[in-house]
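Below: one structure, written as structure tokens.
The values are calculated or read from the model by the stated rules, or taken from the named source; none is laboratory data. Because the structure is predicted, anything quoted here is derived from the model rather than measured. Positions of Cβ are backbone-derived with ideal geometry, glycine not excepted, and every protein chain shown enters the neighbour counts. In case anyone asks, the SASA skips ligands and DNA or RNA and just uses the protein heavy atoms, side chains included. Shrake-Rupley method; radii C 1.70, N 1.55, O 1.52, S 1.80 Å.
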Amino acid sequence: MSRRPLVAGNWKMNMLNADGVALAREIAEKYAALKSPKCDVLVCPPAIWVAGVAQAVAGKIAVGAQDCHAAESGAHTGDISVPMIKDAGASFVIVGHSERRTNHHETDADVKAKAEAVIKHGLTAVICIGETEAQRDAGKTIDVCRSQIQGSMPDGATAENVVIAYEPVWAIGTGRTPTTKDVEDVHAAIREAIAAKTDKKTADGMRILYGGSVKPSNAEELMALPDVDGALVGGASLKAADFWAIVEAC
Ligand code: PEP
């Protein structure tokens, strides 16, 4: 089963408008200049910049939001709905990032409701999962990932409307990464968990990204692993040269 890799940049709460537009435009121009690109590229700016970035990249690369509310509208001060994100020109939404799970106490059920809203409106959900350092030290990595797939993935998930991002919490922004063997083992176990929740065909077609301190120097070996279908990149997505080097590694 061939899966087209996806390299996604999560800008988190970084970038002012002009810098973000310039960064996204540079990546979009480079991508558009490729004769036959072998992967998809996505940038996820802060919500306030989604519309401007979508306009700047003009469909050359995909644009996504970093979170959404599960409801379509209503009394949710400060929140943003999927129809708003879609209207702004985005086609992806990251849900369940560990920073949301930790800082905003989001549960698997919350993440599932958000992912349901994303796919209901025809966008693609990038569902983040991953273990903490304590869970890893206790040998629970695969159990945690299995249970997060079971609890966070919506029933209507397909290989087209859902992407999974495996992000060990202890590897995010720390410069530390698991061994390539660990990454491959966990990705294979995640694919089995997806098959158990959906079916084998869906699991074989679904992209599983690795995230956590991906940088130009380690991208090639991580992206070469059979069950790794691209990367979710935080820090290194803020510099065009670094992000582009990761795209090229794919
Ligand atoms: C992330 O937050 O999704 C991430 C992977 O961050 P970093 O690449 O900086 O570790």
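Which ones in the stretch 117-149 are within 21 Å of ASN103 (Cα to Cα), surrounded by 15 or more Cβ atoms within 10 Å (Cβ to Cβ) and among the aliphatic types (A, V, I, L, M)?
ALA125, VAL126, ILE127, ILE129, VAL144, ILE149
Among the residues that make up the stretch 160-170, is at least one of them more than 20 Å from GLY235 (Cα to Cα) and exposed (fewer than 14 other Cβ atoms within 10 Å of the Cβ)?
Within the stretch 160-170, one or more residues are more than 20 Å from GLY235 (Cα to Cα) and exposed (fewer than 14 other Cβ atoms within 10 Å of the Cβ).
How many residues, within the stretch 205-235, are free of Cβ contacts under 8 Å to residues at least 60 places away in the same chain and either open to solvent by 20 Å² or more (accessible area, probe 1.4 Å) or within 12 Å of the ligand (Cβ to nearest atom) (or both)?
Going through the stretch 205-235 one residue at a time, the tally reaches 15.
What's the total number of residues in the stretch 77-112 that are within 16 Å of the ligand (Cβ to nearest atom), among the hydroxyl-bearing types (Ser, Thr, Tyr) and under 21 Å from ARG207 (Cβ atoms)?
Of the residues in the stretch 77-112, the ones within 16 Å of the ligand (Cβ to nearest atom) are 92-104, 106, 111.
Now restrict to residues that are among the hydroxyl-bearing types (Ser, Thr, Tyr): 98, 102.
Filter once more, so that each one left must be under 21 Å from ARG207 (Cβ atoms): 98.
Result for the stretch 77-112: 1.
Filter the stretch 88-105 down to the residues that are outside any helix (DSSP H, G or I) and more than 18 Å from PRO45 (Cβ to Cβ) and list them by number. Working first, answer last.
Filtering the stretch 88-105 down to residues outside any helix (DSSP H, G or I) leaves 88-97, 104-105.
Those that are outside any helix (DSSP H, G or I) and more than 18 Å from PRO45 (Cβ to Cβ): GLY96, HIS104, HIS105.
May I ask you to verify whether ALA189 is more than 16 Å from the chain's Cα centre (by Cα) and farther than 29 Å from LEU238 by Cα? Break it down stepwise before answering.
Working: more than 16 Å from the chain's Cα centre (by Cα): yes; farther than 29 Å from LEU238 by Cα: yes.
Here the answer is yes, as ALA189 does meet what is asked.
Out of the residues in the stretch 165-204 that are among the hydrophobic types (A, V, I, L, M, F, W, C) and more than 18 Å from SER152 (Cβ to Cβ), which is nearest to the ligand (Cβ to nearest atom)? Spell out the reasoning first.
Let us first name the residues in the stretch 165-204 that are among the hydrophobic types (A, V, I, L, M, F, W, C), namely 165, 169-172, 183, 186, 188-190, 193-196, 203.
Then drop every residue that is not more than 18 Å from SER152 (Cβ to Cβ), which leaves 170-171, 183, 188.
On the way: TRP170: 10, ALA171: 6, VAL183: 13, ALA188: 20 Å.
Checking each candidate, the answer is ALA171.
Conditions tested, residue by residue: (1) of a type in the set (A, V, I, L, M, F, W, C); (2) on the phi > 0 side of the Ramachandran plot.
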{"site": "THR102", "(1), (2)": "no, no"}
{"site": "GLU106", "(1), (2)": "no, no"}
{"site": "ILE127", "(1), (2)": "yes, no"}
{"site": "VAL144", "(1), (2)": "yes, no"}
{"site": "SER147", "(1), (2)": "no, no"}
{"site": "GLN150", "(1), (2)": "no, no"}
{"site": "ALA165", "(1), (2)": "yes, no"}
{"site": "GLY175", "(1), (2)": "no, yes"}
{"site": "ILE190", "(1), (2)": "yes, no"}
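Look at the stretch 11-31 and say how many of its residues are touching a Phe, Trp or Tyr at 6+ places or on another chain (Cβ under 7 Å) and among the charged types (D, E, K, R).
Residues in the stretch 11-31 being touching a Phe, Trp or Tyr at 6+ places or on another chain (Cβ under 7 Å) and among the charged types (D, E, K, R): 1 in total.
Any residue in the stretch 94-116 that is in contact (Cβ under 8 Å) with a residue 24 or more places away in the chain sitting within a Cβ distance under 6 Å of a residue that is open to solvent by 40 Å² or more (accessible area, probe 1.4 Å) and in a helix (DSSP H, G or I)? List the pairs, counting only those 6 or more apart or interchain.
What qualifies is SER98/VAL169.
Under 7 Å by Cβ, and 6 or more places apart or on different chains, what pairs join a residue from the stretch 62-73 that is open to solvent by 20 Å² or more (accessible area, probe 1.4 Å) with one that is of a type in the set (S, T, N, Q)?
So the pair list comes out as ALA62/SER91; GLN66/ASN10; HIS69/SER81; ALA71/SER81; GLU72/SER81; SER73/SER81.
If you take the residues in the stretch 11-36 that are of a type outside the set (A, V, I, L, M) and open to solvent by less than 10 Å² (accessible area, probe 1.4 Å), which one is farthest from the ligand (Cβ to nearest atom)?
Of the residues in the stretch 11-36, the ones of a type outside the set (A, V, I, L, M) are 11-12, 14, 17, 19-20, 25-26, 29-31, 35-36.
Going one step further and asking which of them are open to solvent by less than 10 Å² (accessible area, probe 1.4 Å), we end up with 11, 20.
Numbers: TRP11: 10, GLY20: 17 Å.
The selected residue is GLY20.
Could you figure out which of (1) over 24 Å from CYS44 (Cα atoms); (2) open to solvent by less than 10 Å² (accessible area, probe 1.4 Å); (3) touching an Asp or Glu at 6+ places or on another chain (Cβ under 6 Å) isn't true of ALA188?
The single condition ALA188 does not satisfy is (2).
Can you tell which of VAL57, VAL21, VAL53 is touching a Pro at 6+ places or on another chain (Cβ under 6 Å), modelled with pLDDT of 95 or more and either more than 16 Å from ASP242 (Cα to Cα) or basic (Lys, Arg) (or both)?
Details: VAL57 fails: touching a Pro at 6+ places or on another chain (Cβ under 6 Å); VAL21 fails: touching a Pro at 6+ places or on another chain (Cβ under 6 Å).
After applying the criteria, what remains is VAL53.
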